[in-house]
Structure formats: structure tokens, C-alpha cells
Amino acid sequence: MLAKTEERKTQKGGEKKRRHAGEDGGGGEKKKKGPGDGARKRLDALSVGYFRRVGERLGEGFEDEEERVMFVENVLLEVKGKAMLVAMDQTGSITLQRLLSLSSLEQGAEVLAELGGDSGMQFKDVSCDRCGGHVVESAVRQMSRWTEPPATTEEEEEEEEVSCGLLEAQVLSLSQVVRDNIGEFIKHVHGSHVVRTLLHVLAGCVGPPRTESHPGARDRSAAPQLTDFEIPTSFWYELKSLTETLMENVNLSVTDAVASAVFQTMLTVCHRKRPKLGKQLLTGIMEYLTSRSAAPGVSPLLVFLKDQASSHLLEMIIQLSHKSLLRDLYKNHLKGQLVDLALHPIANFPIQRLTAASAKHKMFVNLFDELVQGVEAILAVGHMGVIVQLAESCAESEEKQDEMMQCLLHAFHCAEPGSRLVCCLPLFMSLLAYEVYYHTDTDEGSTQTEVPLSSICYHGSRLVQALARFKERSLLLSSLRTLNPADLLKLASDPAGSHVLQALITTSSDKGRGKILRRLEGLYVQLACSRLGSRVLEAIWNSASVNQRQSIAQELVPSESQLRSNQFARHVWAKFALSHFLHRRAHWQEIQTGESKKRKLFSDLLE
């Protein structure tokens, strides 16, 4: 075993164990000068090499469970006595995190106990280290396995209960240290992540580990995928104590961006797992924010909404708020200020959240009437997210849809003369006014020249997808039918445009879909051979009638060799069962008819 081999090497060369800052004794550890305390102990080169090889061995996998258990046990024996050093080394930290996910709960508890020291006070040092914090998080996250199926024998079941109890005790010890040093933890860039993970675990839900998350992904508004698990009763009480301690330091939530993220996590997990507590926390934070001093007659929230740190917290509050809190927020603090806030580079994001949250309530009508007055100004400063969210909320609430459409037609200068109406789709997708898109200064619609489809942008795509959910979308469909085959092919093959075409087709009636499909005739083979076009074609197929599917298949099958050899089209060939269509058409027809009836049945049930 690798662990035993390395153990012999260590014994031969002499163990170079280092101690924590503040402990007596020397050792022979290398030290690196650091800011503040003068020196920082580091893991020796021999041990670093060992843990690097352990990481490589973990990547190879194990033949059976017994081999895995023995390997993990041997490596953790090497960690014992120097867990702090290993955790605070980059290579050691990465390897130790992987080991903890494979270890038993008792082994995880032992590592956490050593990291905390006899009194648990070492938790602060390791949690606030850029490498050590990850290890503490990984160890705490193992509590999510607390609900594993019970062992087969009574003796093994008792052992499992002891293991769970040990880890539970260490998590509670960590939480006590956090509460005693709450200000330092939540303001620390690394320590704050430990607090956020601790909140998740105490509440009984965990997301993906930080190493697997992608905070730079485009859809930042997407909620993290959380997994719920059962928790010991002690965690319920500890979560209450931790939230109370945090609320005593609520002032930090608006002055420090790192601390603000901790409060956002607290609100999220409590809203999910402890709704009553979550409601109290929301109310408590709002009372604090609204009680701050501001200029006479001016709500302090108008200041907080424009601040980088506190605006994120307010976004979360708005997103999680109940009806009465939202109504109070709008009526007493934001009414008459929405357009100014929507024009602000920071405050426009909370306004987007307010627009989304209000869609479920009657207050949306008042909010819409106020925001719609500033649509052109908002477009001019480039805050497209506000406009998109306003359209999405109109679609969700089924209110103010006609007013929204007319407002957009006027904003993009295609409402008058009437001949410009059919140009609305390219303008919306590109977010360009009529004169800019068609390079004209004249007011005469008859002088319009044909311009190839271009400049499809992300927000423009989202805007049209929202408009496609309106009850009245005939203008969009009429505009789509004016596009020539080359423009339709570009639309279907564009990363943003393909979603527009898919939305317009799938939300159309059978009659409207048929008109669009007639415009696409002759393009199906090219669509099938395109990465994005093939996805659009699959969406068309899924919403098409049997006769429409038959027409698509008849156009595709003559190009069998081309479709089967293309990396995208071969999947289309298989999913559409075109081999069956060629050689067993009656059977193909029977299958398609059955699918159509099943789809219609589910559609009727959903309605």
C-alpha cells in the first residue's frame, strides 16, 4: 500500500513534524515569513510529495470496497498528528478533501477534532486559511451522510450511531467557536465560507462543493441545487442560536460585502428549511435597514439599494419576501422612485427582483404603470435586464400585455406607420431602433430596404421569448413569416436566435405552427446538420402533428447518407426513427399516432 511505503520512507528520513504558531517545541519544519505574526509553518517537501501521490492514486479508483477502506485508513494514519499542517497546505488540502468524502463519519470527526484542538479554538486559524477552510467545509459537509441506511447488525448500528454522534459534537463545537468570534469569521474572505457551509449543514441542506461550482457562469440568478437531509435535533437549536448571534451583528450585512453573503445564505437556508424563522429574519433585517437615518423624507433603502454590498442583500430579501413585506417595501419606500432606481447602475438589479416577485401579486399593475413610463430611458442606458424582466412578469401575471407590446413598438420606432409593424421581430432581437437597424433617417416606411438578419443579442432573445408567452403574439408571428430562408437559417443556427425560433414554434397553435413550418421547408437538412439547428428541429418535431412530422421526414430521408455521416444529424436520424419511416412506414405511422394521442392527453390534463 502507498501509505505504508511512505511511512517507511518517513521513518528512514526522520519525521519532520511542525507545530502551530504559539506551541512550544521546534521540530525541523521549514518556516515561511508571513505578514503579521512573523512566520508560518509549512508542510515539508517529503510530505507534500506523498500527498500528491495519494491524490494521483485516488484518481485511479479502487477494485473493491475493502481496498478503498484500507487505503483511506492508512493515509489518515499519516495525517494524524499533523492534520493542521496538511489542511493548510495546497496539495495536502486538496487530497484531504477527497479523502474525507471517502472516509467514515468517525474518521471525519477525528480529523475535525484534531483541527479544532482540545478546546476547539484552533478552528478559527484553520477556517480562515485559504486551504484549511476548504478542509473544514468538507468535513462538516459529511453530516449530509447522517441518514445513511442503518447497518445490518445491532452492534454495527450502535457503532454507526457513535460515529454520527462524534461528528455531530465536532460540528456543534465549530459552531460555538464561530458564535464566539462571529465578527472575525463573517468578515473574513475564507472564514465566511465556513460559516455559510455551517448554516447549510445545521439547516439540513447542502449544495455542490465550492470546487465544483462555477460562479462565473452566465446565469448567476439561478438558484443553487440544494440536497436536503435529516439532521440531529441539536442542530435545530444550534441554528437558532447561530442566527441570533448573526442578527446581533446585522450592521455588518450592509457595510461588508463578504459578511453580506453570509446573511444571504442564512436567509436562503432558513426560507427553505425553517420558514417561520426565515420570515422573522427577513422582518428583522428590514426593520434594521429602514430604521437607519437618512435625509428627511427620504427612505434609507434608497441609499442601500445603490450600494454594492447591501444591494445584493436587498435582492435576496425581495426574492424571499412574503406578500405583506413586498407591499410595504413598495408602498412606503420605493413608490415613485422605480424609474430612477432602474436607471442606476447598481439599483437596477434589485428592481428586477422586485418586478419578478410582484408578478404573483396585484401590486404588479401599479409597479408596471410606474416603470413603463421610463422604458425608452432605461433602454438608452442599456439596462436591458429591467425591460426583459418587465416583459416576463407581464407574461407570468397575464396583466398589461397589450400595453407592454405597444410600449415596445413605440420605443423601437416601429409602431407607425403600420408598414413597420412586420419589422418588430428583428428589432426586438437586436435591441436596435428602426432607423439604426435599417440605416435610414426617413419616416417613410415604404423606403425600407431589406437588411440581412444580424445583431441578435442575449437580452433581445430573452425579450422575444417572454413576448412569445403573451396571449396575443400575432405581430411576432407575422414578422417571423417575412424573414427569407437565409434569415430563418441564421436565426435557427444562432446561439441566441435559436431559442427565439424554438419559443415561437412551440407556443404557436397547430395552425400557426403549420405556417411557420411551410416557411422552413427546404431547410430541414441544413438544420439537422447544424449544432443549434438540430436542437430547433427536435423541438419542432416534439410539438408537431403526425402530418407535419411526415412532411419533415419526407424531406430528410433522401439525404440519408449525409445525415448519417454528420455528427449532429445522425442523432436526428435516430430520434425521428427515419429508418423505420423508410422501411416500415405503417409501423412508424402507428408509433407517431400513439405518441401524438399521449401528448394531447397530457396537455389536456395540464390545462
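The values are calculated or read from the model by the stated rules, or taken from the named source; none is laboratory data. Remember, it's a predicted structure, so these values are computed and weren't measured experimentally. Cβ atoms come from the backbone with ideal geometry, glycine included; neighbour counts cover every protein chain shown. Surface accessibility is based on the protein's heavy atoms, side chains included, excluding ligands, DNA and RNA. Shrake-Rupley method; radii C 1.70, N 1.55, O 1.52, S 1.80 Å.
Structure notes:
- Residue list for the range 267-277, filter: open to solvent by less than 40 Å² (accessible area, probe 1.4 Å) and over 17 Å from the mean Cα position of the chain (by Cα): 270, 277
- Filter result for residue 312 (open to solvent by less than 60 Å² (accessible area, probe 1.4 Å), in a helix (DSSP H, G or I) and either touching a residue at least 60 places away in the same chain (Cβ under 8 Å) or under 22 Å from residue 383 (Cβ atoms) (or both)): no
- Number of residues in the range 348-375 that are surrounded by fewer than 17 Cβ atoms within 10 Å (Cβ to Cβ) and among the basic types (Lys, Arg): the value is 2.
- Screening the candidates 296, 345 for the property of being open to solvent by 20 Å² or more (accessible area, probe 1.4 Å), at pLDDT below 90 and out of contact with any Cys (no Cβ under 7 Å at 6 or more places or on another chain) yields one hit, 296.
- If only residues of the range 107-133 that are assigned to a helix (DSSP H, G or I) and under 26 Å from the mean Cα position of the chain (by Cα) are counted, the one that is farthest from residue 180 (Cα to Cα) is 132.
- In the range 534-548, the residues that are farther than 15 Å from residue 509 by Cβ reach residues that are open to solvent by less than 10 Å² (accessible area, probe 1.4 Å) and part of a loop (DSSP other than H, G, I, E, B) with C-beta atoms within less than 8 angstrom, at least six apart or across chains, in these pairs: 541/576.
- So residue 378, is it within 25 Å of residue 459 (Cβ to Cβ), surrounded by 21 or more Cβ atoms within 10 Å (Cβ to Cβ) and within 24 Å of the chain's Cα centre (by Cα): no
- Any hit, the range 299-309, residues being hydroxyl-bearing (Ser, Thr, Tyr), open to solvent by 60 Å² or more (accessible area, probe 1.4 Å), at pLDDT below 90 and farther than 19 Å from residue 369 by Cα: no
- The criterion of at least 1 residues that are of a type outside the set (Phe, Trp, Tyr), closer than 30 Å to residue 454 by Cβ and out of contact with any helix residue (DSSP H, G or I) (no Cβ under 7 Å at 6 or more places or on another chain) is met by the following helices (runs of 4 or more DSSP H) wholly inside the range 338-428: 375-381, 401-411.
Here is a yes/no grid of residues against (1) in a helix (DSSP H, G or I); (2) at pLDDT below 85; (3) of a type outside the set (A, V, I, L, M):
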site: 6; (1), (2), (3): yes, yes, yes
site: 11; (1), (2), (3): yes, yes, yes
site: 38; (1), (2), (3): no, yes, yes
site: 50; (1), (2), (3): yes, no, yes
site: 55; (1), (2), (3): yes, no, yes
site: 66; (1), (2), (3): yes, no, yes
site: 73; (1), (2), (3): yes, no, yes
site: 91; (1), (2), (3): yes, no, yes
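- Of all residues in the range 531-573, those satisfying the criterion of being farther than 21 Å from residue 590 by Cβ and over 38 Å from the mean Cα position of the chain (by Cα) are 555, 558, 559, 560, 561, 562.
- Filtered by the rule that a residue be in contact (Cβ under 8 Å) with a residue 40 or more places away in the chain and within 17 Å of residue 467 (Cα to Cα), the range 493-525 gives 496, 497, 500, 504.
- Only listed residue being of a type in the set (Lys, Arg) and open to solvent by 30 Å² or more (accessible area, probe 1.4 Å), chosen from 82, 124: 124
- First in the range 329-346 and more than 14 Å from residue 311 (Cβ to Cβ), second anywhere and open to solvent by 60 Å² or more (accessible area, probe 1.4 Å), Cβ under 7 Å, 6 or more apart: 339/373; 343/381
- Residues that are more than 12 Å from residue 123 (Cβ to Cβ), more than 20 Å from the chain's Cα centre (by Cα) and not in a loop (DSSP other than H, G, I, E, B), drawn from the range 188-203: 202
- Per the conditions (1) modelled with pLDDT of 90 or more; (2) hydroxyl-bearing (Ser, Thr, Tyr); (3) open to solvent by less than 30 Å² (accessible area, probe 1.4 Å), the sole criterion not satisfied by residue 508 is (1).
- Long-range neighbours under 7 Å by Cβ, at least six apart or interchain, first residue on the phi > 0 side of the Ramachandran plot within the range 418-434, second surrounded by 20 or more Cβ atoms within 10 Å (Cβ to Cβ) and at pLDDT 90 or above: 431/460
Every residue, every condition in (1) polar (S, T, N, Q); (2) at pLDDT 90 or above; (3) in a helix (DSSP H, G or I), yes or no:
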| position | (1), (2), (3) |
| --- | --- |
| 101 | yes, no, yes |
| 135 | no, yes, yes |
| 140 | no, yes, yes |
| 151 | no, no, no |
| 157 | no, no, yes |
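- Meets criteria (under 21 Å from residue 190 (Cα atoms), crowded, with 24+ Cβ neighbours inside 10 Å, out of contact with any strand residue (DSSP E or B) (no Cβ under 9 Å at 6 or more places or on another chain) and of a type in the set (Gly, Ala, Ser)) for residue 133: yes
- In summary, residue 287 fulfils each of the numbered conditions (1) in a loop (DSSP other than H, G, I, E, B); (2) open to solvent by 60 Å² or more (accessible area, probe 1.4 Å); (3) of a type outside the set (Gly, Ala, Ser) with the single exception of condition (1).
- Residues that are surrounded by fewer than 12 Cβ atoms within 10 Å (Cβ to Cβ), under 30 Å from residue 292 (Cβ atoms) and modelled with pLDDT under 90 do occur in the range 222-244.
- Options 109, 113: the member that is crowded, with 22+ Cβ neighbours inside 10 Å, in contact (Cβ under 8 Å) with a residue 12 or more places away in the chain and within 19 Å of residue 170 (Cβ to Cβ): 109
- Test: residue in the range 474-492 that is touching a residue at least 60 places away in the same chain (Cβ under 8 Å) and in contact with an Asp or Glu (Cβ under 9 Å, 6 or more places away or on another chain): no
- Some residue of the range 550-564 being outside any helix (DSSP H, G or I) and open to solvent by 30 Å² or more (accessible area, probe 1.4 Å): no
- Scoring residue 547 on the criteria (1) within 22 Å of residue 462 (Cα to Cα); (2) polar (S, T, N, Q); (3) at pLDDT below 90 leaves a single failure, condition (1).
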